[in-house]
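Throughout, read-outs are computed from the coordinates displayed, never taken from laboratory work. Please read all numbers here as calculations on a predicted model, not as lab measurements. Using ideal geometry, Cβ is built from the backbone for each residue, glycine included, and neighbour counts are taken over all protein chains shown.
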Amino acid sequence: MIERVLPLPPGGAVARPRAVPAGRTGAPERVAARVGAPPRRPVHVAVAVGASAALYAVSLAGVTALQAATDARVAGERAPASAAIDALRRSHDATEAELARLDAAYAGAAEAYRQVADALGGHEKALDALGQQVAAVEGSAATLRVPSVHLPTVAPRTIAVARPATNACTTASGKPC
């Protein structure tokens, strides 16, 4: 039950509560509310609010416990897949590292090939110059007349030599001398 709040009288004076005689209203004697005092709230409202907050907290705790159990079960079920994903990630990283190593080796080989190709042009020029020198020498050699020289033939001979006599004895073969 909430009682009506009356405005303060002019000048700010607050009236003191006074007893209302029972004879006028026929009701037992009551104390009137002070003017300007906050209205009274019944205690059962506070108890109801506290009880509903407690029930809400208990239900949240239950939901949290159920969710934690579900999360633990799901994490347990996903552990093999997680291990497989980690193994796949390590394999992918190793493959990527191997590809990077091969790419660096390929780049090195391409650079070496480019250097060889650049040097090849210089070698071709040197070979052309050598070819011209050989042609000039062949032309000079063709004009020269060298007499032919006959070398004597050598007949192969085999000389037979007699074996020398030996007087040695050994027991290395296991036979007595």
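General observations
- Dipole magnitude for segment 42-134: about 520 debye, using +1 per Lys or Arg Cβ and -1 per Asp or Glu Cβ, origin at the Cα centre.
- For segment 42-134, the residue among GLN133, ALA53, ALA97 whose Cα projects farthest onto the positive side of the dipole built from Cβ charges is ALA53.
- Extending 7 Å from Cα along the Cβ direction at LEU60 and again at ALA100 yields two label points whose distance is 4.8 nm.
- Once the C-beta distance of VAL161 and GLU138 is scaled by a Förster radius of 45 Å, the resulting FRET efficiency is 0.30 to the nearest 0.05.
- Farthest toward the positive end of the dipole of segment 96-177, out of HIS150, GLY121, ALA110, is the Cα of HIS150, where the dipole comes from beta carbon charges about the Cα centre.
- FRET E, pair SER148, ALA107, Förster distance 45 Å, beta-carbon r, rounded to 0.05: 0.15
- Size check on segment 42-134: the Cα extents along the three principal axes, sorted descending, read 126, 32, 8 Å.
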